[in-house]
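Enquirer: Supplied in structure tokens, the structure appears directly below.
Any read-out appearing in this document is the output of simple, stated calculations on the displayed coordinates, not a laboratory observation. Because the structure is predicted, anything quoted here is derived from the model rather than measured. Every residue, glycine as well, gets a Cβ built from its backbone with ideal geometry; the counts of neighbours run over all protein chains shown.
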Amino acid sequence: MKSTALTHVHEALGAKMVPFAGYNMPVSYAGIKEEHQAVRNSVGVFDVSHMGEFILKGERALELVQKITSNDASRLTEWKVQYSYFPNETGGIIDDLLVYKLDGDAYMLVVNASNIEKDWEWLVVNNTMGVELHNISDKTTLLAVQGPKAAEVLQGLTAIDLAEMKYYTSEKGVFAGAENVLISATGYTGAGGFELYFENEHAELIWNSIFEAGKARDIQPAGLGARDTLRLEMGFCLYGNDIDDSTSPLAAGLGWITKFSKEFINSANLLKEKENGTQRKLVGFELIERGIPRQDYMIVDGNGKEIGTVTSGTMSPSLNKAIGMGYIDVSSAVVDSEIFIVIRDKKVLSKVVKLPFYKSN
């Protein structure tokens, strides 16, 4: 079990720790609902240092990124960020990731914790261009400071103008006296906020500085439990639940980051799939009757015929209703269609809804 540079801090705060992707990670502190609402209404801080970071450098770095990712990275200018995925050769998804265009000919790929080793091997195998590669995952701390008051809390710690930072951009500078901190505005909660990437040696200083600055704004540490409920309210995919090596990115609703203006791994087959259409589609649904949907629960139609499977589900803290996502037959995937989630052998009435579930004011 790996630890992050802040594991001892989480333990001292009384966090409930769980094994996740090979790391000892905090799932909750005060409680998932409380942490969820802190992020929606004020500000919460997630230690997500278990995520992976790869640096690519060299004249042909863009060429490698273009080959292995689905989105068109040639459209990125310095310090811009892009959501993308690694397609495999059999129609599935190796991982979803963020692509950062750094300065010069450098890029950073941010990948999921459970896929670091697999993704690194994929990157190395496909690096036929002699691109300089660095896996900096183990020496990088990543904090996600999320919520409507995030900019207020962080601004006093840096000269970077956070209020002017546009969505999916980044900047590098000094933060809380630490140099070489990369700040970005991407987020996985739908509540706004920033991510901070920095060397492990600065972890405790930066963590403590953020919490000191946030005292007056009800800042709270938040764990993986709240991260999951927040992302699900937004309809964001979680690798291993909603997408995986066998999932069609087009069925998963990732056609918008699948750019056929360039060639990439398996692009020809994905283009054929787009032209022919998918048989199943990832949809959001909410329960009309009581119950909580969980991963792998069966989805059926009114006649009891199986039409799909739940991939993610929870009781939404913001909406106070049970919500979920799952793959169902395209014919049943129309918004407001009635479907049934099978919970303990009982068909629970639900309906297909438009994503995201949660819409901020």
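Enquirer: Given a Förster distance of 22 Å, report the FRET efficiency between Glu63 and Phe20 from their Cβ-Cβ distance, rounded to the nearest 0.05.
Expert: 0.05
Enquirer: Quick one: if you stick a label point 7 Å off each Cα along the C-beta vector at Asp345 and Glu11, how many nm between them?
Expert: Going by the 7 Å Cα→Cβ label model, 4.5 nm.
Enquirer: Here is a follow-up. Name the longest site-free stretch of the chain, where the excluded sites are trypsin sites (Lys or Arg not before Pro) in a DSSP loop with no more than 14 other beta-carbon atoms within 10 Å.
Expert: Of all site-free stretches, the longest is 1-165.
Enquirer: I would also like to ask the following. Can you pull out the chymotrypsin sites (Phe, Trp or Tyr not before Pro) in region 249-286 that DSSP calls coil and that have at most 16 other Cβ atoms within 10 Å?
Expert: Loop-located and lightly packed - Phe260.
Enquirer: Evaluate region 126-173: find the radius of gyration of its Cα atoms, find its Kirkwood radius, and give the ratio Rg to Rh.
Expert: Ratio of gyration radius to Kirkwood radius for region 126-173: 1.13.
Enquirer: Is there a quick way to get the dipole size of region 1-276? I mean about its Cα centre, with the Cβ of Lys and Arg at +1 and of Asp and Glu at -1; what is the value in debye to the nearest 20?
Expert: The dipole of region 1-276 has a size of about 500 debye.
Enquirer: Explain nothing, just the number: relative contact order of region 3-104, from Cα pairs under 8 Å at least 6 residues apart, as a whole percent.
Expert: 15 percent.
Enquirer: If I build a Gaussian network model for the chain, linking alpha-carbon pairs within less than 10 angstrom, which residue out of Ser74, Ser42, Ser184 has the largest mean-square fluctuation?
Expert: Comparing Ser74, Ser42, Ser184 in the GNM, the peak value goes to Ser74.
Enquirer: Given the options Asn200, Ile219, Asn180, identify the residue whose Cα lies farthest towards the positive end of the charge dipole of region 159-243 (+1 on Cβ of Lys, Arg; -1 on Cβ of Asp, Glu).
Expert: The residue sitting most towards the positive pole is Ile219.
Enquirer: How high is the relative contact order of the chain, given as a whole-number percent (alpha carbon pairs under 8 Å, six or more residues apart)?
Expert: Once divided by the residue count of the chain, the mean separation gives 18 percent.
Enquirer: Are there GluC sites (Glu not before Pro) in region 259-296 that DSSP marks as loop and that have at most 11 other Cβ atoms within 10 Å, and which are they?
Expert: Those that pass, being in a loop and sparsely packed, are Glu263.
Enquirer: Please report, to one decimal in angstroms, the Kirkwood hydrodynamic radius of region 279-353 built from all distinct Cα-Cα pairs.
Expert: For region 279-353, inverting the mean 1/r across all distinct Cα pairs yields 11.7 Å.
Enquirer: Also, I was wondering about something else. Among Gly308, Gln279, Gly324, which residue has its Cα positioned farthest towards the positive end of the charge dipole of region 279-353, with +1 placed on the Cβ of Lys and Arg, -1 on the Cβ of Asp and Glu, and the dipole taken about the Cα centre?
Expert: Selected residue: Gly324.
Enquirer: Separation of region 170-245 and region 28-69 by C-alpha centroid, Å?
Expert: Region 170-245 and region 28-69 have Cα centres separated by 7 Å.
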